[in-house]
Amino acid sequence: MDRQQEFVLRTIEERDVRFVRLWFTDVVGSLKSVALAPAEVEGAFEEGLGFDGSAIEGLARVFESDMLLQPDPSSFQILPWRGETEPTSRMFCDILTPDGKPSMADPRSVLKRTLAKAADMGFTCYTHPEIEFYLLKSEELGADGIPVPVDRAGYFDHVPGGVAQDFRRTAVTTLENVGISVEFSHHEGGPGQNEIDLRYADALQTADNIMTFRTVIKEVALQQGTYATFMPKPFSDHPGSGMHTHFSLFEGDSNAFYEAGAEFQLSTTARQFIAGILKHAPELTAVTNQFVNSYKRLWGGGEAPSYLSWGHNNRSALVRVPLYKPGKGQSARIEYRGIDSATNPYLAYAVLLGAGLKGIEEGYELPPAAEDDIWALSTAERRALGHYPLPSSLHDAVRIMEDSEVMAEILGEQVFEHFLRNKRAEWQDYRLQVTPYELQRNLGIL
């Protein structure tokens, strides 16, 4: 038994932890949980915990349903919102097959495989997400059929005695209590919309942190009599919720994206990484924007990037290179702005990192940076500059992803097929719906 496992067992005993929740996700990133008695934790470390994988979306077929949960002791945390009476903790798990090998259907393992490939190339990947969400009075719709936000404030607004202000303070404190470092938090552009940015961490830890973050945000909201949603676009007339993520690759202690004296201080490695993401962005959009509603955000304005482009400090670009700060070479990074906050973070980071690594491996050439406001250009101007559109619907995104050898390679055959099957079913369900828009527009005149 290693030191981390011993630490977990000792902490459980010393803190009198009564429940140990084992966490993992299905293929679309829904959090799954099983509570383990403290006496069973040591056995779970040694042998794993058996469960029926066929009951989890995208995990296993019925005839190969036996799976094992292998707790990761490094992810052990006490859950503060459960209180001090009968303390509860959690650990993230890797999913194994009965013979103890990593399951090819486990989203967390998909990211670990991609990170292992990066390590083989000499890189460590660090990520920094900016997570947006809406705070509503409840999950019930208002009389007009529209969600009711907790306030009417806007970007960076300071509202004395505001619900969102108290909420963010409690949420940040709770996040810090489970070991998640927060950089800053503020009110976003939409009514009731908030943003909390997590500090840089390696990509696997960041993905674990995002899953914990969503749970914390929802739990704190419920405690305060409100409701938090990560739905990409809950309002037609207000901005959607994105999860802009900053990426950097390090070779040892050196930032591989930084080159003094180069254009924008970007190294060849960084330029090839951006080129890889841009080339494969249409193929990976079904993963980073995985719901029907995601495309209402991508194509609904409000600073969501819809075209293949990159730029230096250009917030209309899909990939932004933040302003260089003299003497801060170690902070060189790129920001992918297409991803929304409802994505499965394990798969999203795997495909983005995998696409960037492909660009480095193949030596992709980066097109010129976009200097204009891409939203302000005409369709002809965008086409002439090579700013081609991202998929405009989940249907289009799935169709492009289906033909992608790169996505199949990154995700592995099982996740690739299960994910596509889930998304085809969602699109089929959606296209059969008769919406209020159609009834309001057509019922009285047709």
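Residue check: is residue 112 surrounded by 15 or more Cβ atoms within 10 Å (Cβ to Cβ), more than 23 Å from residue 35 (Cα to Cα) and either in contact with a Gly (Cβ under 9 Å, 6 or more places away or on another chain) or aromatic (Phe, Trp, Tyr) (or both)?
No, not satisfied.
In region 331-347, the condition of being more than 27 Å from residue 134 (Cβ to Cβ) and over 19 Å from the mean Cα position of the chain (by Cα) is met by at least one residue.
Being assigned to a helix (DSSP H, G or I) and either closer than 16 Å to residue 132 by Cα or in contact (Cβ under 8 Å) with a residue 60 or more places away in the chain (or both) is a condition met by at least one residue of region 176-194.
Scanning region 381-405 for residues that are more than 19 Å from residue 338 (Cα to Cα), modelled with pLDDT of 85 or more and not in a loop (DSSP other than H, G, I, E, B) turns up 402, 405. Criterion applied to 436, 368, 389 was being closer than 30 Å to residue 323 by Cβ and out of contact with any Ser or Thr (no Cβ under 9 Å at 6 or more places or on another chain), and the one residue passing it is 368. Of all the listed residues (245, 268), the sole one being of a type outside the set (Phe, Trp, Tyr), over 27 Å from residue 131 (Cβ atoms) and assigned by TED's automatic domain parsing to the domain that holds residue 205 is 268. Search region 268-303 for residues being among the hydrophobic types (A, V, I, L, M, F, W, C) and more than 20 Å from residue 386 (Cβ to Cβ), and hand back the single one that is surrounded by the fewest Cβ atoms within 10 Å (Cβ to Cβ). Among residues in region 268-303 that are among the hydrophobic types (A, V, I, L, M, F, W, C) and more than 20 Å from residue 386 (Cβ to Cβ), the one surrounded by the fewest Cβ atoms within 10 Å (Cβ to Cβ) is 292.
Every residue, every condition in (1) among the β-branched types (Val, Ile, Thr); (2) surrounded by 24 or more Cβ atoms within 10 Å (Cβ to Cβ), yes or no:
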| residue | (1), (2) |
| --- | --- |
| 319 | yes, yes |
| 355 | no, yes |
| 365 | no, no |
| 392 | no, no |
| 400 | yes, no |
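Taken as a whole, the structure leaves residue 332 outside the set of residues that are surrounded by 14 or more Cβ atoms within 10 Å (Cβ to Cβ), in contact (Cβ under 8 Å) with a residue 12 or more places away in the chain, touching a Gly at 6+ places or on another chain (Cβ under 7 Å) and closer than 25 Å to residue 269 by Cβ. Residues in region 62-118 that are modelled with pLDDT of 90 or more and hydroxyl-bearing (Ser, Thr, Tyr): 74, 75, 88, 89, 109, 114.
Could you grab me the full set of residues in region 131-147 that are assigned to a loop (DSSP other than H, G, I, E, B) and either touching a Lys or Arg at 6+ places or on another chain (Cβ under 9 Å) or not charged (D, E, K, R) (or both)? Passing the criteria: 138, 141, 142, 143, 145, 146, 147. Selection of region 44-59 for residues being assigned to a helix (DSSP H, G or I) and either modelled with pLDDT under 80 or over 15 Å from residue 19 (Cα atoms) (or both) yields 45, 46, 47, 53, 54, 55.
The values are calculated or read from the model by the stated rules, or taken from the named source; none is laboratory data. Source: prediction; values computed, not measured. When we count neighbours, we look across all protein chains shown, and the Cβ atoms used for this are built from the backbone with ideal geometry, even at glycine.
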